[in-house]
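To start, the structure itself, in C-alpha cells.
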Amino acid sequence: MRMTGIVKRILLEKLRDKRTLAMLFIAPLFILTLMHAAFDNSTKKPAISTVNIEPSIVDRLEDSEMTVTDYRNKPSDLKSFMEDHQLDGIVIKTKDKVTIKLLNDDPAIANKIKLLVNQIYQQKTQSTLIDDMKAQLKDLTQVLNKIPFSPTKNMTVNKPEQTTVKTDYIYGSKDTSAFDTLSPVLIGFFVFFFVFLIAGIGFLKERTTGTLERMLLSPVKRYEVTLSYVISYGLLASIQTLVIVLFAVFVLGIAAPKTILQVIVVNLFVALVALSLGLLLSAFAKSEFQMIQFIPLVIVPQAFLSGLFPLENMAGWLQVLARIMPLYYAGDALKKIMYKEWPLSAVTLDIIVLAVFALLFIGLNVAALKKYRRI
C-alpha cells in the first residue's frame, strides 16, 4: 500500500511535466528519424569462401583486399556455415554458373563482394575473347605460311560462353541499406539513454527537494522506495518502448511487423537496466549537472561498444570490455531479432544477462540508500 502511494505520486508528477514527456517520447523519435535519413555507410574488409572457383579468380579476389578461403565441396547448410565461420559471402561455381551467396549482415560489404565478383568475371570473359582471337590469328599465320592464297574468308572468331552470375542474400535483400543493420542497435540505445536520463534526474530531484528524506523518515523501507521508483519509471519506460518500436516498424519500416512482440520484450529489459542504472548513479550526484556528467562516462562508451561500429575491427581489449556493457547484449539481441528475424529463444542468453544487470543495479541502489538512512 505504501509503495502504491509512492508510485501514484511519481506518475502524476511526471504526467504534469511536459518537458519530461517530450524527452521520453518526442526526442527519441526525432533523432531516430534524423539518423534514418542521414546515416552513412560503413565498410570493412570482407571475408568470403570459394567453392570450385578457378585459381585465377581466387587470386584476383585475394588481390582485392578480401580474406578468401577456398573449399572443394559446397556446405550443406550455407547459413550455419557462414555464421560459424564469420563469412560475409560464398562464391560457388557449378558448371558455367556462378552463385554468390551473401550474408548481407552489412549491405556495404555485400554490395562490394557482388560488384567485385561480377567485375572479375566480366574481365575474364573479355580476356577469353582476346586469347581466342590470338589463337586463331596464330593458326591463320601457320596456314598462310603453307599455302599460296589467303584463307581469311573462312576464318571465324567464336564468341566465348558467358558465365551466369546469380546473387542470393541470407538476410535482407539488394535494397538493404546500412541503416537497416544499425537501426536495431540505435533503437536499443535510445530506449536506454532517455530512460537513464529521465529516471536519474527524476530521482535526483526527489533527493534535492527533500522528498526522499521525508519518505525515509517514515516506516517505508529502502527496498520499497527503490521498487516504487522502478515500477513508476518502468511504466513510463514501457510506454516509451511501445511508442519507439511501433514508430520504427510502421513509420520507418525498420523491422518486419511479425517481430514486434520480440522487440518489445527485449527493449523492456533494456529499459529496466537503464532505469536501475540511472537510479543508482543519481544517488551519487549532487546536482543535475553532475548527473549529466555521467553520460560521457557511462553512456558514450556503451554506444561505441554496442555494435554501432564493427567490434571485430577494434583492439582485443575493447572487444573484452564490450562484454561487460549492457548495451552490447541489447544491441546483439535486437539486431538478431529485427534484422535477422531470429526467434526470441535465440537471444535468451542476452536477455538473461540484461536481467542480471538490472538486478545487480537494483541491489546496489538499495545499498546506496544507506547513506540517507540506515534501517
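Taking θ = phi - 60°, what integer Hz values does the Karplus form 6.51 cos²θ - 1.76 cosθ + 1.60 yield along region 164-170, in sequence order, with x for Gly and Pro?
Coupling constants for region 164-170: 7, 10, 10, 10, 10, 10, 6 Hz.
TYR169's amide H: which non-local residues (gap 5+, or another chain) put their own amide H closer than 5 Å, with H modeled 1.01 Å from N in plane and none for Pro or chain starts?
Residues meeting the amide H criterion: LEU102.
Taking R0 as 35 Å, what FRET efficiency do you get between ILE239 and PHE304 from their Cβ-Cβ distance, rounded to the nearest 0.05?
0.75
Please count, across region 200-350, the pairs of lysine residues with Cα atoms under 15 Å apart that sit 8 or more places apart or on different chains.
Close lysine pairs under the 15 Å cut-off: 4.
Taking only protein heavy atoms and a 1.4 Å probe, what accessible area per residue, in Å², does region 232-336 have with all protein chains in place?
42
Taking H as built 1.01 Å from N, whose amide H comes closer than 5 Å to the amide H of SER49, not counting residues under 5 places away?
THR69, GLY89, ILE90, VAL91
Modelled label-to-label distance, ALA346 and GLU288, 7 Å Cα→beta-carbon offset: nm?
4.3
Give or take rounding to whole Å, what are the principal axis extents of the alpha carbon atoms in region 228-375, in descending order?
The Cα atoms of region 228-375 stretch 49, 38, 28 Å along their principal axes.
Computing the accessible area with a 1.4 Å probe over protein heavy atoms, can you report the carbon and sulfur percentage for region 287-375?
Of the solvent-accessible surface of region 287-375, carbon and sulfur hold 71 percent.
The values are calculated or read from the model by the stated rules, or taken from the named source; none is laboratory data. On a predicted model such as this, the values are computed, not experimentally measured, just so you know. Glycine gets a Cβ as well: all are built from the backbone with ideal geometry, and neighbour counts include every protein chain shown. For the accessible areas, the whole protein counts, side chains as well, though only heavy atoms, and no ligand, DNA or RNA atoms are used. Shrake-Rupley method; radii C 1.70, N 1.55, O 1.52, S 1.80 Å.
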